[in-house]
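Here the structure comes first, spelled out in structure tokens, and everything after it is commentary.
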Amino acid sequence: MINKRLLVKNLLAHNDENSFYDKKRFINIGEREGKAKFLKHVCALANSNPKNNSFIVVGVEDEDNTIVGTDFFDDSKIQNLVNAYLDNPPLISYENIPFPHLPDGKVVGLVTIRSNGKLCALRRNIWKYYGGSVFFRDGSISMPKVFDIEIKDTNSPLVAEIELHARNNIELTLNGVIDFLYNKHKDLEAHYKVFKEQFVVCWAGVTKKVKQPDRGGEKIYYSRVDIELINEQVRLFYSALDEVEVITDENSFSTTEYIQLGLNQQQKYYPLETVTITFNENGSYKIDSTLIFEPPQYDKKVLYHVYNTNNTLLEKIEKGMSLSPNERKDVINMPATYLICALNGFEDAREKLENYRWIVREYDRKVYESLKESLRVLRKVKYS
């Protein structure tokens, strides 16, 4: 079992970027340019390594390898994105790796790419890249190539050695559990559970118990949720806003995430996604995610008013104009109401969130965190 934090350290220690490894300060697949560049690198790494894993490390300064971290990224539909744009798409995963010195909510992203052994190419045009383009790694650069010979595998022994040096052990696992329970989340209710005598999952959050008279009991929800698979040092879930239900049995760990949506004071929790990790006796596990979200529908006339109000607020914030007390309250709800508009057919609402995110970040960090959550929901819906 590979400790992903050790794997990241070993990759960063291995000279510089090369034909099986790349590093990025951040990635942005919400915009066409960022999405296109990400797909180009995935395509190039898959073609350069037909028989072993390739990696992209996200949240690292390019000049000196300083680990600065990036926002937690929910990857559950990233394979759908790759499948939509690439022929012969590789298997891809995005994992969030916590590092002790990073602030809450910041992690290192680890993208693992596994070729299917066939030549990978862009399926259709995106940004300035044409459908049918094939990319290959030339040192640390992803370059377009014309292939007239069989792709050669030169990295398997080196990648195998790096992964071997990142193997987990009992000491690292125990230290990880203790750190999670007594250091990271000493102010929260924290739990751990061992599966199949091998895997340890820890989770923590603020507990809320809701009575269910019809079932003769109560339901437990968690907010400020953090969930980690300790053996691999992978953060499975992190949110300062949403509420999560956790269900475990002897073989699986399951979460159902709820998001709060509504207009004015009429707020309601909607189930968004269920993620289940199933652990096997042979030391493997599988993660399945199911989007169960049914967005609320509203009268279009009401939403036009909300949408136009939000647009006016953004313009005022961009120009540095002062806001009235009521307008400041509307700004707090702006990401969620833009989300409702986008889910009800207002195509420009998502673009507003993307284009103005940095302006909102400078204005109010809490509103910015809500904005990122709204974009995360839209990304899930889009690629499901």
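Coordinate-derived values only; no laboratory data. Computed from a prediction, not measured in an experiment: that's the story for all the values here. Positions of Cβ are generated from backbone atoms using ideal geometry, with glycine treated the same way; all protein chains shown enter the neighbour counts.
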**Study point:** Spin-label pair Phe26/Arg361, simplified geometry with 7 Å Cα→Cβ offset, distance in nm
**Key:** 0.3 nm
Check your understanding: Between Tyr269 and Glu33, what is the label-to-label distance in nm when each label sits 7 Å out along the Cα-to-Cβ direction?
Key -> 4.1 nm
Practice item. Using a/c under 1.5 as the rounded threshold, could you call the range 300-382 rounded, prolate or oblate? The axes a ≥ b ≥ c are square roots of the C-alpha gyration tensor eigenvalues, and prolate needs a/b larger than b/c, oblate otherwise. Key: oblate
Study note, to complete from the structure: Quick note on Met1, Met321, Met334, ordering by fewest other C-beta atoms within 10 Å, gives Met321, Met1, Met334
Exercise for review: Mind checking which of Ile227, Val194, Gly262 is farthest towards the positive end of the range 170-291's charge dipole, using Cβ charges of +1 (Lys, Arg) and -1 (Asp, Glu) about the Cα centre?
Suggested key: Gly262
Check your understanding: How high is the FRET efficiency from Leu181 to Asn65, r the C-beta distance, R0 35 Å, rounded to 0.05?
Key -> 0.70
Point to revise | Charge dipole magnitude, Cβ of K and R +1, D and E -1 - the chain, Cα centre, debye nearest 20 | key: 740 debye
Point to revise | Label-point separation, Ser93 to Asp288 (7 Å along Cα→Cβ), nm | key: 1.7 nm
Study note, to complete from the structure: Within the range 325-347, the residues whose backbone N lies under 20 Å from a label point placed 7 Å from the Cα of Glu315 along the Cα-to-Cβ direction are 325-335, 337-339, 341-342, 346-347
Revision key, fill the gap. For Lys382, the lysines lying under 24 Å Cα to Cα, once residues fewer than eight places off in the same chain are dropped, come out as Lys35, Lys37, Lys40, Lys77, Lys128, Lys268, Lys286, Lys300, Lys352, Lys372
Check your understanding: When the gyration tensor of the chain is built from Cα positions, what are the square roots of 5 times its three eigenvalues, in whole Å, from largest to smallest?
Key -> 35, 29, 19
**Study point:** FRET efficiency, 1/(1 + (r/R0)^6) with R0 51 Å, evaluated for Leu164 and Leu323 via beta carbons
**Key:** 0.35
Point to revise | Sites Thr248 and Asn116 - FRET efficiency at Förster radius 41 Å, r taken between beta-carbons, to 0.05 | key: 0.75
